[in-house]
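Shown next, in structure tokens, is the structure this report addresses.
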Amino acid sequence: MALVQTLPLTVLLILLECAVGGTLVLLLTDLEGNVSRGFLVTSGLILATAAGLTYLLRFGYGDLAGALTPTLAGLTLLLVAYAILAMLQRRRLARGAAIAAVVVGAWDIFQSATLQPPLRDLTGLLSLTLATLVAGAALVALLLGHWYLVTPLLSAKSLRRVTEFLLVGVGLQVLWLLGQLVGLDGVAVAGPIASYGFVFWFRVIVGLAFPLVLGALTWRSCRIRAMQTATGLLYIALACVLAGDAAAKVFVYLTSISL
């Protein structure tokens, strides 16, 4: 697959990962009960926008787009419903809509993997699952970091917890990458890395090493309630996560090796 052909699918998958992973992390944060209604409503609408964009960009699947059309539309509507129900303070119904959105979104990610040959096997699906958790945690962490500027007295525990999700997700991605490199034949993996070395090392350094360091610094900033510092770090962390995820998608499309 040529590099230019990977771009629509890469953008579509990253948006889908943000929507689904973000909904899961937002739901877990909601269940803790330490965040405000305004944060839940705003985050729900932003995630609904991400899901809506995946619906609009489904043409990236070509003739296979029809298979995803109903569930992508359903994911968008469920997230809009979540935001509306949260605004009306119908928390139980809102959480039910979020759970349904996670289930539908997980199915969308599974379908996305099965529709694309490089992601069709178990390694591709596991890679997408980890990327979904990391992208969602990074996005919700940034949104929550901003909310501390609106509500300074909000407990720092919630942002610390979301940052821990981010660190665990990136840590699992590092272990996954090492496992992939160890499990693959040395000759088979050396060639693709040599051919696309920039993409590989961009993924490793920008997409994995930087988010680990930035996540740790953010967690430490939350401990001392330096929330503005934490929010600034999370801007960079989200950018690194999304850029590294894009590099991983490009690499798997070019080499069929999931990072």
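Only the coordinates and a few stated rules stand behind these numbers; no lab work does. Quantities reported herein were computed from a predicted structural model and do not represent experimental measurements. No Cβ is skipped: glycine too gets one built from the backbone with ideal geometry, and neighbour counts run over all protein chains shown.
If I take every Cα pair under 8 Å that is 6 or more residues apart in the chain, average their sequence separation and divide by the length, what percent do I get for the relative contact order?
It rounds to 24 percent for the chain.
I want the local charge near Thr76. Using Cβ-Cβ distances under 14 Å, sum +1 for each Lys or Arg and -1 for each Asp or Glu among the other residues.
Working: positive: Arg58; negative: Asp108.
That works out to 0.
Run the numbers for Ala106 and Arg90: contour at 0.36 nm per residue of separation, minus the present Cα-Cα distance, in nm.
Full extension of this stretch gives 3.3 nm more.
Only helices at least 30 Å long along their own axis, judged from Cα atoms, and with Kyte-Doolittle mean hydropathy of 0.5 or greater: name those in the chain from DSSP H. Display every interim value, and only then the final one.
On the way: long enough: 3-32 (43 Å, 1.73); 65-87 (33 Å, 1.83); 91-115 (35 Å, 0.84); 122-150 (43 Å, 1.86); 157-183 (38 Å, 0.99); 227-255 (41 Å, 1.36).
Within the chain the helices that satisfy the rule are 3-32, 65-87, 91-115, 122-150, 157-183, 227-255.
Given points 7 Å out from each Cα along the Cα-Cβ axis, report the Ala216 to Val150 separation in nanometres with one decimal.
About 3.3 nm separates the two model spin labels.
Among Leu88, Val134, Leu153, whose Cα sits farthest toward the positive end of the charge dipole of the chain (+1 at Cβ of Lys/Arg, -1 at Cβ of Asp/Glu, about the Cα centre)?
Leu153
If we count every other residue with Cβ under 13 angstrom of Gly33's Cβ, Lys/Arg +1 and Asp/Glu -1, where does the sum land?
Once all neighbours under 13 Å are counted, the net charge is +4.
About the Cα centre of region 3-255, how large is the charge dipole given +1 on each Lys and Arg Cβ and -1 on each Asp and Glu Cβ? Please answer in debye to the nearest 20.
That gives region 3-255 a dipole magnitude of about 860 debye.
What are the principal axis extents of the Cα atoms in region 3-255, in Å, biggest first?
Reported extents, whole Å, longest axis first: 55, 44, 26.
Considering only Leu177, Thr76, Ser256, whose Cα is most displaced toward the positive end of the charge dipole of the chain, charges sitting on Cβ of Lys, Arg (+1) and Asp, Glu (-1)?
Thr76
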